[in-house]
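Chemist: Have a look at this one before I ask anything.
Each reported figure results from applying straightforward, stated rules to the coordinates on display, with no laboratory input. Everything numeric in this text was worked out from a predicted model, so none of it was measured. Every residue, glycine among them, receives a Cβ derived from its backbone with ideal geometry; neighbour counts consider all protein chains shown.
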Ligand code: SF4
Ligand code: SF4
């Protein structure tokens, strides 16, 4: 549905949740609800890096009116050090909103437990920040962004922020291929089973998301109990082929969604924004033998230091890299043979000094695919 971050936002969110029975059907008095936001790193709200604080405010007020006890939490990228997380919350405007609304803001990484994923295809358990496991329910409030690895940050991907700091790097290492990572995300999402997901596309991020892209006004809000269905709507709005979104392809393989189905959606009809810039991430082409190395260098995006001046030599990128592909010398130097292209380093760099760089040939291939 259409909306802006202004005076009309509360009414727009009311209209968004109405088809689900309204907030009264989503929250019960006395329930402790984890409002899982997306704070990739500290950045001003208008940059669309993190959940917009005004959208969060509307959700918190609605939950409080139901008599529920919401708290706000995320595990941003990076080592999860409390001071860094608090700074990211503050810069993103989240701290101020929680304070004004009298809602607890949790540094999720502080306490970790193991969550069983009995129906997982790839993973049977996950390290999870305890606050999400102990909550009566999780409601996700994210922002629509492109994603170098998964192509879109949608409702399923949002659950990855329930995994604490550096444990994310281990999951990247254990599920290196995009298809495997998507399967892992589905296992995680299904195990966490968030009750409801809102994705804010009022100002989305296009291009080099989820951290270094460009804000783009889609003027749209999305919500669903089923984040897989929600992600299909995001794909449609951002003019992606549903099957190109790895999480959706994985969900289709499991029979969780029929990608060809023209779902009956509540709310405004979805109009594809054909000018939306995708992430230009790699295709999943695979080549045999020696051709593989050449194809990898010509056809795969890779992380690179793109702004040496901005690098503070903090070492967060090297710390998050689960395969040891980054050496600080004194700024990051990449070993492309070791790098599995998870792009976790680009996500967590606090100064956007590193970014995903796509070889010209791959850019041309992606442009052609998009025009087809
Ligand atoms: S590139 Fe970014 S994360 Fe890496 S050392 Fe420099 S500032 Fe830190
Ligand atoms: S260098 Fe960056 S993209 Fe490559 S494996 Fe390490 S964290 Fe992932």
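Chemist: Looking at region 147-166 only, could you name the residues that are within 18 Å of residue 320 (Cα to Cα) and part of a strand (DSSP E or B)?
Modeler: Scanning region 147-166 gives a single hit, 147.
Chemist: Condition first: more than 19 Å from residue 172 (Cα to Cα) and within 8 Å of ligand 1 (Cβ to nearest atom). Now tell me which residues in region 310-351 satisfy that. So that I can check it myself, show each step before the final result.
Modeler: Quick first cut of region 310-351, residues more than 19 Å from residue 172 (Cα to Cα) only: 310-314, 328-333, 350-351.
Listed by number, the residues that qualify are 310, 311, 312, 313, 314, 328, 331, 332, 350, 351.
Chemist: Something else now. If I ask for residues that are more than 10 Å from ligand 2 (Cβ to nearest atom) and in a loop (DSSP other than H, G, I, E, B), which ones from region 313-344 would you list?
Modeler: The answer is 313, 314, 315, 329, 330, 331, 337.
Chemist: Could you count how many residues in region 293-312 are more than 12 Å from ligand 2 (Cβ to nearest atom) and surrounded by 22 or more Cβ atoms within 10 Å (Cβ to Cβ)?
Modeler: The number of residues fulfilling the criteria is 0.
Chemist: Given the conditions (1) closer than 17 Å to residue 199 by Cβ; (2) within 24 Å of the chain's Cα centre (by Cα); (3) assigned to a helix (DSSP H, G or I), report the number of the one that residue 19 does not fulfil.
Modeler: The single condition residue 19 does not satisfy is (2).
Chemist: Considering only residues that are within 18 Å of residue 131 (Cα to Cα) and free of Cβ contacts under 8 Å to residues at least 60 places away in the same chain, which ones fall in region 192-209?
Modeler: Here is the first cut: in region 192-209, the residues within 18 Å of residue 131 (Cα to Cα) are 192-197.
Result: 193, 197.
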